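Have a look at the structure below, then the notes.
Taken together, the values in this text are just the output of simple stated rules run on the coordinates, not laboratory data. All values reported here derive from a predicted model rather than from experimental measurement. We place every Cβ from the backbone using ideal geometry, glycine too, and count neighbours over all the protein chains shown.
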Amino acid sequence: MTVLVQKFGGTSLADPACIMNCAGRVAAAQRQGASVVAVVSAMGHTTDNLIALARAITQEPRQREMDMLLATGEQMSTALMTMSLHTLGVDAISFAGMHLGIVTDPVHTKAKIQSIDVGRLQRELQSGRVVVAAGFQGVTVDGQITTLGRGGSDTTAVALAAAIGQARGEKVICEIFTDVDGVYTADPRRVPTARKLDRISYEEMLELASLGAGVMHNRAVMCGSNYGVPIHVRHSSRPDPGTLIVEESPDMERISVVGCALTPDLGRISLRRIPNRAGIQAEIFHYISAANVLVDDIMQTEHGEFVDISFTVEMNDLADIKIAVQRFLDALGQGDMSVEVGLAKVSAVGVGMRTHTGVATTMFNALGEAGISIANITTSEIKISCLVTKEHGERALKVVHDRFELHRAPEERSLPGVSDPDLSAGVR
Ligand code: ADP
Ligand code: ASP
Ligand code: MG
């Protein structure tokens, strides 16, 4: 018996006909001999609508109550998907986070999975049933309902595939069904010339997902990489082969840039006249991590006895970070804070950057020639990111995508300025 985890995103479950279509895919996989766990997100814009409902009542709902509310979206889908399977003659049962044995930490609305007990789920599979699992939710050790952060159903699916795989001592494939037929060189909604990739490494997908490629939740990719779960991103209503997210292989390094992404809405917090002493950064970040918010890139400049520190943050987290930083300044009794909004970040990603030169120059030239100023640059071994104004974000993404000729098949690219150091050294 092969176990297969199939995850259906909200865009693929928008109405009863869509749900029936997804149920059809589950039924087909079962007919082909798989034991299926179908992980479902909330229908269409349900989660957004639930958030709007809460905001119509209060701007500061308690996070525990938000989780009570948000978890209902996925619960609704599990029941409807299970009913759809029943109409197709498939024996199926719906499971919420608590039935799935998904235990999380107690950080409401941003919980992380700590453990999964797949015993009950495996028993259902063994009895020949499809298990329809609620994505995005779990429970704490003391039974409180939690959610995993926006887009978190991908993480539920990959984590379930990892846990079942571990319990059975074999690899369990996780199929992510969505409204696009795979992972593209950039978001095809923003860059119509983007090209679908047949495969991509976990590391590249993790960078792209963290930098704005919303097709996969970054923690899902991280989990897949940690546990070696093969992830297959596919279109929910087309039979196309999709994109495989796999371990890196040596041939992947031949391509310098595999894709681009845009983080469209960032703010920047700058702290000035902070005493330049050992441990000051730890003090600031103690307040920030206590607020459970993530900062993006951190920049620091020293001026003798003072230091200026600034960092970019997702706009959704800006209000919480401002409060945390103000607490730090109040405790310190000196320094000041300023806040900028209206920023965006364009990034190019590829494991080939480790061995190719000229990638940064190509990207800076592309932005410079398009008249787009760069407010900050950050790099890692496999990515280059440039901070630009939000107003220029979409265009920056397109010009970078164009300059790296990502619309062409890799063998048809000329990539001016990008060379392979092994070859440029000449053959002796
Ligand atoms: P789901 O509801 O299935 O979880 P999402 O909206 O979360 O769907 O993700 C699918 C969307 O991700 C696509 O419609 C597409 O616009 C967007 N996207 C962003 N970056 C990429 C990319 N590099 N490749 C493919 N899709 C992307
Ligand atoms: N329903 C949740 C959201 O909209 C989780 C998910 O779709 O993955 O963010
Ligand atoms: Mg999603």
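Put a dot 7 Å past the Cα of M83, heading toward its Cβ, do the same for R254, and the two dots end up 5.3 nm apart.
In order along segment 52-61, the phi-based Karplus estimate (6.51 cos²θ - 1.76 cosθ + 1.60, θ = phi - 60°) of 3J(HN,Hα) comes to 5, 4, 4, 5, 5, 9, 8, 7, 10, x Hz; Gly and Pro are listed as x.
Label zone (T378, point 7 Å along Cα-to-C-beta; backbone nitrogen cut-off 11 Å) within segment 186-225: 211.
Listed from fewest to most Cβ neighbours within 10 Å, the set T379, T147 follows the order T379, T147. Only Lys, Arg, Asp and Glu carry charge here, each on its Cβ (+1 for the first two, -1 for the last two); on that basis segment 207-263 has a dipole of about 280 debye about its Cα centre.
Could you give log10 I(q)/I(0) at q = 0.11, 0.14 Å⁻¹ for the chain, computed by the Debye formula over C-alpha point scatterers of equal weight, without solvent? The Debye formula, applied to the Cα set alone, gives -0.92, -1.31. Label separation (R273 vs D198): 6.1 nm, computed from points 7 Å beyond Cα along the C-beta direction. Along segment 323-338 the Karplus relation, 6.51 cos²θ - 1.76 cosθ + 1.60 evaluated at θ = phi - 60°, assigns HN-Hα couplings of 5, 5, 5, 4, 4, 4, 5, 4, 5, 6, x, 7, x, 9, 10, 10 Hz to successive residues, with x for each Gly and Pro. Distances between placed amide hydrogens fall under 5 Å for V307 paired with R273, I274, N276, all partners being 5 or more residues away or on another chain. Among the listed pairs K110/K322; K322/K398; K7/K110; K7/K196; K7/K171; K112/K398, those whose Cα-Cα separation exceeds 25 Å are K322/K398; K112/K398.
What is the extension gain from S127 to M68, computed as 0.36 nm multiplied by their sequence separation minus the C-alpha to C-alpha distance, in nm to one decimal?
Numbers: separation 59, 0.36 × 59 = 21.24 nm, distance 3.11 nm.
Full extension from S127 to M68 adds 18.1 nm.
In order along segment 246-262, the phi-based Karplus estimate (6.51 cos²θ - 1.76 cosθ + 1.60, θ = phi - 60°) of 3J(HN,Hα) comes to 9, 4, 5, 10, x, 5, 5, 6, 6, 9, 6, 10, 9, x, 10, 8, 10 Hz; Gly and Pro are listed as x.
Here segment 1-95 is assigned +1 on the Cβ of each Lys and Arg and -1 on the Cβ of each Asp and Glu. Its dipole about the Cα centre then comes out at about 200 debye.
In segment 25-113, Cα pairs under 8 Å separated by at least six residues give a relative contact order of 27 percent. Its Cα centre serving as origin, the chain has a Cβ charge dipole (Lys and Arg +1, Asp and Glu -1) of approximately 660 debye. With R₀ fixed at 51 Å, the C-beta to C-beta distance from Y227 to T357 puts the FRET efficiency at about 0.90.
Normalising the Debye intensity of segment 1-97 to I(0), with uniform scatterers on Cα atoms only, and taking log10 at q = 0.11, 0.19 Å⁻¹ returns -0.37, -0.86. Straightening the chain between F306 and D142 buys 54.4 nm, computed as 0.36 nm per residue apart minus the Cα-Cα spacing.
Angle of helix 63-87 to the longest C-alpha principal axis of the chain, folded into 0 to 90 degrees and rounded to 10: 40°. In this entry, segment 104-213 is assigned a mean projected area of 8.5 nm², taken as a quarter of its C-alpha convex hull surface.
What the Cβ-Cβ distance of A17 and R189 gives, at R0 = 22 Å and to the nearest 0.05, is a FRET efficiency of 0.45. Looking at the chain alone, DSSP beta bridges between its own residues are antiparallel in about 60 percent of cases.
First select every other residue whose beta carbon is under 15 angstrom from the beta carbon of I245; then total the charges, Lys and Arg +1, Asp and Glu -1. Combined, the nearby Lys, Arg, Asp and Glu give -3. Scanning residues 5 or more positions from L197 or on other chains, those with amide H under 5 Å from its amide H are V183, Y184, T185, with H placed 1.01 Å from N in the peptide plane.
Considering only H217, Q300, S236, and ranking their Cα positions along the charge dipole of the chain that arises from unit charges at the beta-carbon of Lys, Arg, Asp and Glu, the one farthest toward the positive end is S236. Close amide-amide hydrogen proximity is noted between V107 and K112, each under 5 Å apart and 5 or more residues distant or on a separate chain (H modeled in the peptide plane; Pro and chain starts excluded).
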